[in-house]
Each structure stands twice: as C-alpha cells, then as structure tokens.
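Undergrad: Submitted below is the structure of interest, expressed as structure tokens.
The values are calculated or read from the model by the stated rules, or taken from the named source; none is laboratory data. Note that the structure is a prediction, hence the values are computed from the model and not measured. Here the Cβ positions follow ideal geometry from the backbone for every residue, glycine too, while neighbour counts run over all protein chains shown. All accessible areas refer to the heavy atoms of the entire protein, side chains included, with ligands and DNA or RNA removed. Shrake-Rupley method; radii C 1.70, N 1.55, O 1.52, S 1.80 Å.
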Amino acid sequence: MKKELSSMKQTRLNSILDEATKLLIEKPNASMNDIADAAGIGIATLHRYVESREQLMIHLGFRAIEVVSAKILEFPLTEETCEDYFPNLIEALIPLGDKIYFLGHDSSVNYNPDIEGADQKLREPVLEAVSMLQQRGYFRQDVNRNWIIDVLYSILFLTWQQVIDGHIARKSAAALVVDTFYNGFRAR
C-alpha cells in the first residue's frame, strides 16, 4: 500500500494528514476540497499524494498508528516502571488526542485488516501494563483490559479537546487524567 516517498515528500504528506485528521474530527463529512483547504494546498496537490478519500482514510489510520506508536515506545514497560507507566504515557499522549480519537472512532480503521492489525500491535504494551497493574491491585481484575484502554483513549481525547477549547489548563491536564483514570470521580 505504502509507496516510498522522499523524506521531503513524506514530511509534506504527514503535514497534510495531520491537518486532515484535525478537520475530520470537527467535520467528519469534510470534502477533499475542504481537506486541501485545511492543509493549505490545492486539490490537485492533494490528489498527487492520495488518489481518493478512501486512500486518504487509510493513510490517516497508518499515520495515527505511527505517531501514537512512536510515543508509546518511548516508555518501555518493565516490572520496575509499571507503576509510573500510565502517568508518563498519559502526559505524552494528551497532545495526540486527535490521533487517538481517529483510531478509536473512524470506521476505515476498524474495517481495514492491515490497520486493524497495526492498531492491535500498538495496544499490546498498554494491555500488558494494564494486566500488570491489575495483578498489583491498582485496577480491578474483573474488568476487561480492552475496556480499560478504551476508557483511557476516550479520556485522552476528551482532555485533548478540553485543552484545545481552553477549558483545562495544559499543565494540569495530565494530573487530572491520571487522577480520573485511577480514581474516577469519587469524592475523597
């Protein structure tokens, strides 16, 4: 699927994909013309990079996986680091809320076997961290690991959105997410 591009063209394509992701979250039915406008290019230039909306969506899925995966790999999971894993990961992933939302909500991700497989591989270290923390009593053992990660992804997206909208301060966002993720909304 992916043809090799020069690094300059790949950088430009990544920029186009990042702008398309932001636009499609706000306006899921955006046209290719809307996407080209959001990326600051003409429609002909957009079509030099992607032939169709379907191909664009596939590229968007792989781009989201690439960006989120690179961030997750910055935090190796060990027995010693598992307690700090989620606080560190959450802080790093909040700025990627748009990519996380795309992975969790776009149907092209859920129906493309290559993207679905890459997304599952992306989740493996996070699932492993959940299992470790379930065994240590941080998370309930009777709750499915995938549910816990889906809740985390949803909280991350909502936090990203709230930071963008100015409702949550960027500096306090990670602490709020970590506290919510571990403790919910229970009064102390």
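Undergrad: Looking at Ile90, Ile100, Ile72, Ile94, which one is open to solvent by less than 40 Å² (accessible area, probe 1.4 Å) and touching a Pro at 6+ places or on another chain (Cβ under 7 Å)?
TA: Details: Ile90 fails: touching a Pro at 6+ places or on another chain (Cβ under 7 Å); Ile100 fails: touching a Pro at 6+ places or on another chain (Cβ under 7 Å); Ile94 fails: touching a Pro at 6+ places or on another chain (Cβ under 7 Å).
Matching residue, one of Ile90, Ile100, Ile72, Ile94: Ile72.
Undergrad: Here's a follow-up. Has the stretch 157-176 got any residue that is touching a Leu at 6+ places or on another chain (Cβ under 6 Å), open to solvent by less than 60 Å² (accessible area, probe 1.4 Å) and either closer than 19 Å to Val68 by Cα or modelled with pLDDT of 90 or more (or both)?
TA: So far as the stretch 157-176 goes, no, none of its residues is touching a Leu at 6+ places or on another chain (Cβ under 6 Å), open to solvent by less than 60 Å² (accessible area, probe 1.4 Å) and either closer than 19 Å to Val68 by Cα or modelled with pLDDT of 90 or more (or both).
Undergrad: Return the residues of the stretch 140-156 that are open to solvent by 20 Å² or more (accessible area, probe 1.4 Å) and not β-branched (Val, Ile, Thr); say none if nothing qualifies. Steps first, answer last, please.
TA: The first filter runs over the stretch 140-156 and keeps only residues open to solvent by 20 Å² or more (accessible area, probe 1.4 Å), leaving 140-147, 150-151, 154-155.
Once the filter is applied, which keeps residues that are open to solvent by 20 Å² or more (accessible area, probe 1.4 Å) and not β-branched (Val, Ile, Thr), the stretch 140-156 yields Arg140, Gln141, Asp142, Asn144, Arg145, Asn146, Trp147, Asp150, Ser154.
Undergrad: Among the residues of the stretch 68-87, what is the count of those that are of a type in the set (S, T, N, Q) and within 20 Å of Gly104 (Cβ to Cβ)?
TA: Number satisfying all stated conditions: 1.
Undergrad: I'm told Glu80 meets every condition in (1) among the acidic types (Asp, Glu); (2) surrounded by 13 or more Cβ atoms within 10 Å (Cβ to Cβ); (3) without any contact (Cβ under 8 Å) to a residue 24 or more places away in the chain except one. Can you identify the failing condition by its number?
TA: (2)
Undergrad: Take the residues in the stretch 52-69 that are among the small types (Gly, Ala, Ser), out of contact with any Phe, Trp or Tyr (no Cβ under 6 Å at 6 or more places or on another chain) and surrounded by 13 or more Cβ atoms within 10 Å (Cβ to Cβ), then tell me which one is modelled with the highest pLDDT.
TA: The selected residue is Ser69.
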